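In what follows, a single structure is set out as structure tokens and then discussed.
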Amino acid sequence: MSEGSTPATVPLLPEGPAFSFLHPERDHPLRASLSTEMHVRKMPHMVAPARILQLVMLTGPQDVQASLAQLGQRFAADGPPLAEDIRFLTRPLGTLSFAWERHAEFMTYTFIAPGHEGELFDLAPFAGVADWANALPGRIIRSSHISLIAQEPSAAVIRENFASDDLIISDAAHGKARLWSDFRLHPDGFGRLLIHDRGMSGIDASQLLQRVLELGNYRKMALLGLPEAQAATPVITALEKELTAITVQVAQADTDDGQILDQLTALSASLAQIAASTRYRMSATRAYSEICIDRMRRLAVSPVEGYRSFDDFTERRLLPAMRSCEAFSRRIDDLSRQAAWASDLLRTRVDTALARRNRDLLASMDRRTGLQLRLQHTVEGLSVFAISYYALNLLHHMEEALSHLGLHLPGLTDALLIPVVIFVVWRSVHHLKKTKRDPGADH
């Protein structure tokens, strides 16, 4: 634009709701909910110092409804009614901040006491919600007490609050925070985590806290699959031995196919029952472990010399459990395939035996057919002679009758009639058999 020229006028959209570029009826039914999903699951903003309590509750469908009812009653005066499909909620709770999140198998209740100083793991700031926390529906699978501080703690404070033989120290958030924990359940019923803010700003503290909590929660949920795998492993081992014995029987020629089939059916049913009862837990374990690995990567932890780090602890405790669950799932899949192979072998054996019996039956039928055909030819030959005999007898009686009437035939008449009658009878029988075999032969 040249100096002194008048700027171009930008047309303004009409003010107010009268103008709508996009028509709401064209929205996909899930558009709004998916857009909202991108903005939930955020921890309330916090800065050091602060104290955080989180309870992780395993829940069923009834527990979820009870939790929603409690939340609706607790925060009835603090906002609009809670929707039945709500999955995340953040509200002030007196001097505390509160966050609730609903997952597929568990729910988390997080209480934040901002600005609290004093003893690192003092539960006094949360005394007002103790009764409510103890009345929450579900079973506690994890409880965490986190202290976010601005000043680096002394070695004496660390020894006072953590077990020195299990102490784990790591730097996180690219060195902007330092973490202490021993991953033990302390007498107050909580696990402890100490976070020293070494230069975090903005939402760094909230993001770090959320990732640390999710790492621990998903790690605990992932470990739920290990007891199930361990409990079912002896049963799988027994089924493997049984299948080996059945396979040996299939290879033997003198065994009862029906008995083997019954054994295979019972084994397959037991295997299907185990697979169905453990499939969900093994799949959930695999998903939770992948989330743990992602959260560990996002924490950007680095070790502190002389101490075990968070990633080392997670890998040392989580990965063996995950590999055990994966090996258990593979054993079920392999055993299922082997059972299918044994069934195919038995089916092949039965089909082969059936084909052999059918072949023998057809050969026997061929022999019987040949005998019947020869017998039929013999009967036909005898029939020709029998009919010829009776025909010649009739002709002889006719000749005698003619003799009494004075009509004498030559003496060689009987001898000449024998071959003629036999030929005529044979020809008639042959024609009759051909007509019976091919009804259209005369046409």
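Here is a list: 316, 286, 357, 330. Which entry is of a type in the set (Lys, Arg), modelled with pLDDT of 90 or more and loosely packed, with under 13 Cβ neighbours inside 10 Å? Step through it out loud before you land on a result.
Values: 316 fails: modelled with pLDDT of 90 or more; 286 fails: loosely packed, with under 13 Cβ neighbours inside 10 Å; 357 fails: modelled with pLDDT of 90 or more.
Within the list 316, 286, 357, 330, the selection yields 330.
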Residues of the range 218-244 that turn out to be closer than 30 Å to residue 42 by Cβ and either at pLDDT 95 or above or in contact with a helix residue (DSSP H, G or I) (Cβ under 7 Å, 6 or more places away or on another chain) (or both), as a count: 7
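Does residue 264 fit the bill of being open to solvent by less than 40 Å² (accessible area, probe 1.4 Å), out of contact with any His (no Cβ under 9 Å at 6 or more places or on another chain), of a type outside the set (Gly, Ala, Ser) and assigned to a helix (DSSP H, G or I)? First the steps, then the outcome.
Details: open to solvent by less than 40 Å² (accessible area, probe 1.4 Å): yes; out of contact with any His (no Cβ under 9 Å at 6 or more places or on another chain): yes; of a type outside the set (Gly, Ala, Ser): yes; assigned to a helix (DSSP H, G or I): yes.
It is true that residue 264 is open to solvent by less than 40 Å² (accessible area, probe 1.4 Å), out of contact with any His (no Cβ under 9 Å at 6 or more places or on another chain), of a type outside the set (Gly, Ala, Ser) and assigned to a helix (DSSP H, G or I).
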Residue within the range 161-170 that is in contact (Cβ under 8 Å) with a residue 60 or more places away in the chain and open to solvent by 50 Å² or more (accessible area, probe 1.4 Å) present: no
Subset of the range 281-308 (residues that are acidic (Asp, Glu) and part of a helix (DSSP H, G or I)): 290, 294
Selection within the range 196-216 - under 23 Å from residue 106 (Cβ atoms) and out of contact with any Cys (no Cβ under 7 Å at 6 or more places or on another chain): 206, 207, 208, 209, 210, 211, 212, 213, 214, 216
Only listed residue being farther than 30 Å from residue 237 by Cα, assigned to a helix (DSSP H, G or I) and in contact (Cβ under 8 Å) with a residue 24 or more places away in the chain, chosen from 382, 392: 392
Matching residues in the range 54-113 - criterion: being in contact (Cβ under 8 Å) with a residue 60 or more places away in the chain, part of a strand (DSSP E or B) and open to solvent by 30 Å² or more (accessible area, probe 1.4 Å): 58
Every residue from the range 191-212 that is open to solvent by 30 Å² or more (accessible area, probe 1.4 Å) and part of a loop (DSSP other than H, G, I, E, B): 198, 199, 201, 202, 203
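The values are calculated or read from the model by the stated rules, or taken from the named source; none is laboratory data. Keep in mind that this is a model prediction, so the values were computed, not measured. All Cβ positions, glycine included, derive from the backbone under ideal geometry; neighbour counts span all protein chains shown. What goes into the accessible areas is simple: the full protein's heavy atoms, side chains included, and nothing from ligands, DNA or RNA. Shrake-Rupley method; radii C 1.70, N 1.55, O 1.52, S 1.80 Å.
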